[in-house]
Amino acid sequence: MTHRVLRAALAAVVILVSVSPAAAALFGDDVARKQVAEQQKRVDELRQHTEGIAARLGRIEEEAARSTQVLALAAEIQKLRDEMRGLRGEIETLANNIEGVARRQRDMYVDLDQRLRRFEQPAAAVSPPPSAPAADAVKPAAGAAAIANDENDFYERAQAQRRIGNYPAAIVAFQAFIAKYPKSPLAPRAQYWIGDSQFNQRDYKSAIASQQRLLTAYPDSNSVPDALLNLASAQLESGDNAAARKTMDSLIARHPASEAAEKARRRVVNLR
């Protein structure tokens, strides 16, 4: 409609301009000049009005363009809000899954710690000699007991660091224990806890190497099944599912009656 008004105004201007010479011829000079002046004034008014309409039309067009942009932005904002809601739901689901895995892992380590402690208690005890017929025979027995007590205290200090979560200190302490008491019945346990502490630090490469060292150095140790299970866990965390399956299959085949093998059976089902 605005364009029709503009065209009509321009047509009127053209008509008025074309008529003005004829009007000047029909009337006297004064009258003609007066009419021409009036018509010229009208033309100027119409021109100003036309320019005003054109300016308003331009502003309306600009506002319409901005309105279109605003609508597009509003639609984009709503889309982003929908995506954010979806992401929040996924984050919450993942957080719950992570919490469940962490809880199961804590339970597994508590159970493992308790079982290994049962193994360790008999190893720490030292039986006194059945008899001491001579005075000089008492001294070696007392010396042997003192070494055993020092050995156990050394080991327990390392365990204390591990239990409070000070894994770097525990690793150093267990390594020092093995270096000082390489033939100790607690040495395989110490080697196992080195790998376990490295696993808890998420140093899976070192954990794998430590448990493999246990399997090589102490192949007949009671710690072997748990070392194999920890080794498989480290391989899984490293993304090597094939190696983890192979390790768990070996654990199940070599130590079928162990608790570690039972846990491996449950885990390996999800890797088939």
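Each value in this text was obtained by applying a stated rule to the coordinates, not by laboratory testing. The structure presented is a predicted model; accordingly, all values stated were derived computationally and were not measured. Don't worry about glycine lacking a Cβ; one is built from the backbone with ideal geometry, like all the others, and counts go over all protein chains shown.
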For the range 151-185, listing trypsin sites (Lys or Arg not before Pro) in a DSSP loop whose Cβ sees at most 13 other Cβ atoms within 10 Å gives Lys183
Using the 10 angstrom Cβ neighbour count as an exposure proxy, how do Arg81, Arg42 rank, fewest first? Arg81, Arg42
Packing rank of 199-206, 33-40, where each peptide gets the mean count of other beta carbons within 10 Å, highest leading: 199-206, 33-40
Return Thr247, Thr50 ranked ascending by Cβ neighbour count within 10 Å, so the fewest neighbours appear first. Thr50, Thr247
Whose amide H sits under 5 Å from the amide H of Asn222, counting only residues 5 or more places off or on another chain, with H placed in the peptide plane? none
Mean separation of Cα contacts under 8 Å (6+ apart) over length of the range 136-269, as relative contact order %: 14 percent
For each of Ile178, Ile91, count neighbouring Cβ atoms within 10 Å of the residue's Cβ, then give the residues from fewest to most. Ile91, Ile178
